[in-house]
1. From the phi angles alone, apply the Karplus equation (6.51, -1.76, 1.60; θ = phi - 60°) to segment 115-125 and give each ³J(HN,Hα) in whole Hz, x where the residue is Gly or Pro.
2. Starting from the exponent 0.38 and prefactor 2.2 Å, build the expected Rg for segment 45-110 from its residue count and divide its actual Cα Rg by it.
3. Which GluC sites (Glu not before Pro) does segment 70-142 hold that lie in a coil by DSSP with at most 12 other beta carbons within 10 Å?
4. Run the helix sum for the chain: -39,500 (n - 2.57) per DSSP H stretch of 4+ residues, divided by residue count, reported at 222 nm to the nearest 500 deg cm²/dmol.
5. Could you go through segment 351-356 in sequence order and give the Karplus-derived ³J(HN,Hα) for each residue, using 6.51 cos²θ - 1.76 cosθ + 1.60 with θ = phi - 60°, rounded to whole Hz, and x for Gly and Pro?
6. Over the chain, one equal point on each Cα, no solvent: what is log10 I(q)/I(0) by the Debye formula at q = 0.07, 0.08 Å⁻¹?
7. Within segment 282-396, how many Lys pairs that are eight or more residues apart, or on different chains, come under 12 Å at the alpha-carbon?
8. Relative to the longest principal axis of the chain, what angle (0 to 90°, nearest 10) does the C-alpha long axis of helix 386-396 take?
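Only the coordinates and a few stated rules stand behind these numbers; no lab work does. Keep in mind the model is a prediction, meaning the values are calculated, not measured. Here Cβ is always computed from backbone atoms with ideal geometry, including for glycine, and neighbour counts include all displayed protein chains.
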Amino acid sequence: MTVKQYYQDAYMKTFQTSIQDQRQDDSGWYVVLEETAFYPTGGGQPHDTGTLKDKRIINVEEVNGEIRHYIEEPFEDISGDVKGQIDWDRRFDHMQQHAGQHILSAAFAEALLYETVSFHLGKEVLTIDLDVSDLTESEALEAEALANRVIRESRYIETRWVTEAELSQYPLRKQPTVTDDIRLVMIPDFDYNGCGGTHPRSTSEVGAIKILDWEKHKGHIRLQFVCGDRVLNQLHRKHGLLKELTVVLQAPEENMVPTVERMVAKQKEQEKALEGLKEVLLTYEAQGLLGEGTSQEGYTLIKKAYSDRSIQELQKIAQHIVAKREEAIVLLVVQNDHKLQLVAAKGSSPSANLREVAQKVFPLINGKGGGNKSFVQGGGEVVMSREELLETLVNQL
Ligand SMILES: [Zn+2]
């Protein structure tokens, strides 16, 4: 098969060819071309997209040596010459990122003897995994500076087909996985790699490399970075964010961190103060309920049904009341969304066993709860109104 392929000229944006075949597999309709400049997924580099005649090429994959160009719908007629066009912005971005990865990996190896064990070219950022368990900021900056120096020096990126025997002439970082038709990608005196990806002619076309962050990952360091136009995009987006924050926080960029720190500290203080005020309010509320008690045989009954309140607040109210009045029995019920909850508490003098009372009521609302004879809480489903639940409890006393 004499298929002219992507790697022969990474700058080929359009080409003339003919369709050899049109078929379907699990991924959909695809065509096989006489010649192609489309790059298929491989070597860590994503596939190209583009057009063929009047159809979009949405995916390109190499399957058993055959390059499959996936289309959204089949061609009615596959005869004659067709024009292929690569989505150049996407391809050139991949070339910048891919070559940038070569350069950064080589810089880590050159400056620090840190080897790259894997890499990933993502939609937003790239990652490489370095064969070390820790990385300092100054080390990251050193490798980044070397990588950017190599970019500025506009070094020629050369690709060459070699035989296995010729390989020994080159200081390869890693032995290639193939044994014939080995394609070497070389940045003289810096990086020699077996690689089938697409690369620009010169390191200067990579533009710039910026390391964004790194983290420990499975015993390695996973490092995030961007190259080429993505550096500008990141700067643009992050600067836009900072500008917005400057307005929102009414603080210039250099004062932003202390400003936010002050705000967070203040908020914590306010939350604490608010918590204290809530406690005070709950004691007032409990005080109010004390006056609404009705005298029963051997105890004073205090009851109330609420909606949309936390069970913790009701606990506090009930505890406050029984602490103040030893003859009190307090029954509080609340409906929150799809559940009915209850709190029952008693002072030291009533003889009632609230746990037994509640155990009789829980099955009626398909619920459950826990506690002892002086304090019980729990909840169930809204199969009756909160007032009905309250009355059911009262009747069990
Ligand atoms: Zn490469």
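1. 8, 8, 9, 7, 8, 8, 9, x, 5, 9, 10
2. So the Cα radius of gyration is 1.48 times the expected 2.2 N^0.38 Å.
3. 72, 76, 124
4. Rounded to the nearest 500, the figure is -11000 deg cm²/dmol.
5. 8, 4, 9, 5, 5, 5
6. At q = 0.07, 0.08 Å⁻¹ the computed log10 ratios are -0.63, -0.69.
7. The number of close lysine pairs in segment 282-396 is 5.
8. Approximately 50 degrees, to the nearest ten.
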